[in-house]
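The values are calculated or read from the model by the stated rules, or taken from the named source; none is laboratory data. What you see is a predicted model; the values in this text were computed from it and never measured. When we count neighbours, we look across all protein chains shown, and the Cβ atoms used for this are built from the backbone with ideal geometry, even at glycine.
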Amino acid sequence: MQLYLTPVPWKGLAITASLTLLSSSLLAQTNPPVKKYSSLERMKTVHLRAAHEDAERLQAARRSLPPLPGLHDYKAIIHAHADDSDHTGGTRPEMLADAKKAGVHVIMLTDHLRPPRDFMEGWRGMHDGVLFIPGSEALGFLVFPANSMMDRIHQARAQLIASVTESNGLIFLSHCEERLDHPMDGLNGMEIYNRHWDAKKDMASMIVLAFKLIDPPQLAELQENLRLYPDELLASQVTYPQDYIGKWDKDTQKRRLTGIAANDCHHNSVFVVKMQDEETILIGTSVDKDSGLRKVTAASRPAIRELTKGHKPGDTLIRVDLDPYYRTFRGVTTHILAPELTENTVRAALQQGHAFISHDWMCDATGFSFVLSAPDKAIMGDEAKFTAGQKLLAQFPVACHIRLIQDGKAIADQESDHLEYAVGAPGIYRVEGWLKVDGEDRPWIYSNPIYLR
């Protein structure tokens with residue numbers, strides 16, 4: 001379980017919404033807000049309820065913001081798995097249905113590499129209003145070539161990158177926790193958040209959840225919490241991705257790199273309990289083979305006899321679904337700013353960094369913007385020449401804690417629904433929005449940078 005061992009008190013500066021921030025006038029909070037509760041504490045009913053009530057309050061308070069001229073805000077899911085491996089539980093039709101339900105416009109598939117199967121032969125184009133773009137999670141990257149390249153997929157790194165990015169192909173560094181020193185030459189960008197990493201570094205919570213399944217009172221409570229507070233339960237493990245962000249901030253000093261969110265969704269966190277005999281159950285997930293399930297006996301958990309009563313060996317006694325696609329789509333989204341919904345415009349927007357990341361379960365971030373004011377207009381992802389008199393402007397759908405980051409260091413922070421900042425020096429500028437949920441600040445929005453040279 002991820003713990004913050006050195007708490008830092010939050011000393012945010014309350015500033016009125018109309019105040020213009022001058023680069024020399026404020027000392028910003030250097031570190032991001034500290035996680036107040038552990039994941040297990042967040043999973044308690046009292047905290048789930050409080051988080052849910054705050055999310056409802058925030059959603060009710062949000063304002064609709066007009067899109068930037070000539071652009072639309074398209075919700076995209078990047079790093080998505082369906083029908084592609086023995087540890088993937090979901091299907092493409094299921095994914096499509098949940099995308100429509102969640103208001104998702106784009107799904108960028110990342111099939112696990114399985115030669116000779118060609119990942120480019122999957123769903124492509126519009127499917128009932130949702131744009132699918134095929135790709136693969138391969139060799140440490142998310143690759144979205146324009147055309148089939150199975151005959152070149154095992155090239156050396158430099159040749160692989162060149163092959164993927166020819167025409168308008170895209171390649172992003174994936175699972176950055178495993179490769180924080182990886183060079184970024186030639187890449188379009190990197191994951192700056194990955195849902196799987198949150199779960200992976202907090203396996204203690206997953207184990208506790210699993211053992212709730214074989215305690216009838218705790219199981220009943222879990223099922224009720226999942227019914228009432230599904231988003232909050234899935235989001236209980238989400239933390240600020242400091243390692244990812246640190247690498248991104250460091251490497252954007254050298255080159256433009258688009259930051260994206262990795263949903264890494266498989267619909268495979270479906271806990272199951274199966275009966276072996278009256279005294280023994282098997283516990284695991286829906287994608288595990290029986291040989292891989294954990295055996296638990298009534299000798300250690302007497303309540304097992306209550307679960308197996310009236311059933312026969314082989315029966316599935318319990319099934320608890322934590323991560324249907326709809327829920328993971330709401331958990332984190334990459335918003336893409338593009339003039340129209342086509343594969344070419346989506347690829348171009350990601351190449352240019354015209355995108356931001358948000359945890360929309362707390363509040364729909366559609367309409368957020370981060371721009372450089374006239375006369376040198378630019379939006380997030382763009383590069384411009386630094387000149388005197390420039391201002392950075394950010395608009396949020398709801399008031400939040402805003403952190404302005406320059407070259408990896410926080411230079412200003414305030415509570416507001418907008419930011420206006422007079423730029424005093426060249427730099428790589430990005431903003432974050434944090435929401436107060438259940439008494440703690442949680443990361444909500446990460447913009448891509450504006451590069452002022």
With Leu219, Leu233, Leu209 as the choices, which residue is assigned to a helix (DSSP H, G or I), at pLDDT 95 or above and touching a helix residue (DSSP H, G or I) at 6+ places or on another chain (Cβ under 8 Å)? Leu233
Run Trp361 past the list (1) in contact with a strand residue (DSSP E or B) (Cβ under 8 Å, 6 or more places away or on another chain); (2) modelled with pLDDT of 95 or more; (3) not charged (D, E, K, R) and report the number of the one that doesn't hold. (1)
Residue match in region 280-293 (condition: of a type in the set (A, V, I, L, M) and in the same structural domain as His105 (by TED's automatic domain parsing)): no
Can you name the condition, by its number, that Ser300 falls short on among (1) over 21 Å from Gln218 (Cβ atoms); (2) assigned to a loop (DSSP other than H, G, I, E, B); (3) of a type in the set (S, T, N, Q)? (1)
Checking Ile192, Ile245 in turn, the sole residue that is part of a helix (DSSP H, G or I), of a type outside the set (D, E, K, R) and closer than 30 Å to Glu383 by Cα turns out to be Ile245
Need at least 2 residues that are farther than 23 Å from Arg256 by Cα and in the same structural domain as His52 (by TED's automatic domain parsing) per element, so show me which strands (runs of 3 or more DSSP E) inside region 368-453 make the cut, counting only ones lying wholly within it. 391-406, 409-422, 427-437, 440-447
The condition from (1) in a strand (DSSP E or B); (2) under 15 Å from the mean Cα position of the chain (by Cα); (3) under 25 Å from Leu222 (Cα atoms) that Phe329 misses is numbered (1)
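Looking at Leu71, Leu58, can you tell me which residue is assigned by TED's automatic domain parsing to the domain that holds Leu113, crowded, with 17+ Cβ neighbours inside 10 Å and more than 27 Å from Tyr229 (Cβ to Cβ)?
Working: Leu58 fails: more than 27 Å from Tyr229 (Cβ to Cβ).
Being assigned by TED's automatic domain parsing to the domain that holds Leu113, crowded, with 17+ Cβ neighbours inside 10 Å and more than 27 Å from Tyr229 (Cβ to Cβ) holds for just one of Leu71, Leu58, which is Leu71.
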Can you work out which of the residues in region 263-283 that are touching a residue at least 60 places away in the same chain (Cβ under 8 Å) and in a strand (DSSP E or B) is farthest from Thr308 (Cα to Cα)? Cys265
Got a number for residues in region 362-381 being closer than 23 Å to Arg255 by Cα and either among the hydroxyl-bearing types (Ser, Thr, Tyr) or out of contact with any helix residue (DSSP H, G or I) (no Cβ under 7 Å at 6 or more places or on another chain) (or both)? 10
With respect to Ala399, is the statement that it is farther than 30 Å from Tyr37 by Cβ and modelled with pLDDT of 95 or more true? no
Can you spot a residue in region 177-191 that is of a type in the set (D, E, K, R), assigned by TED's automatic domain parsing to the domain that holds Ser38, modelled with pLDDT under 95 and over 24 Å from Arg255 (Cα atoms)? no
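Taking strands (runs of 3 or more DSSP E) that do not extend beyond region 118-164, which have at least 2 residues that are in contact with a helix residue (DSSP H, G or I) (Cβ under 9 Å, 6 or more places away or on another chain), surrounded by 13 or more Cβ atoms within 10 Å (Cβ to Cβ) and in the same structural domain as Asp83 (by TED's automatic domain parsing)? Walk me through it before giving the result.
On the way: elements: 125-127, 130-133, 136-138, 141-144.
Once the strands (runs of 3 or more DSSP E) in region 118-164 are filtered for at least 2 residues that are in contact with a helix residue (DSSP H, G or I) (Cβ under 9 Å, 6 or more places away or on another chain), surrounded by 13 or more Cβ atoms within 10 Å (Cβ to Cβ) and in the same structural domain as Asp83 (by TED's automatic domain parsing), what remains is 130-133, 136-138, 141-144.
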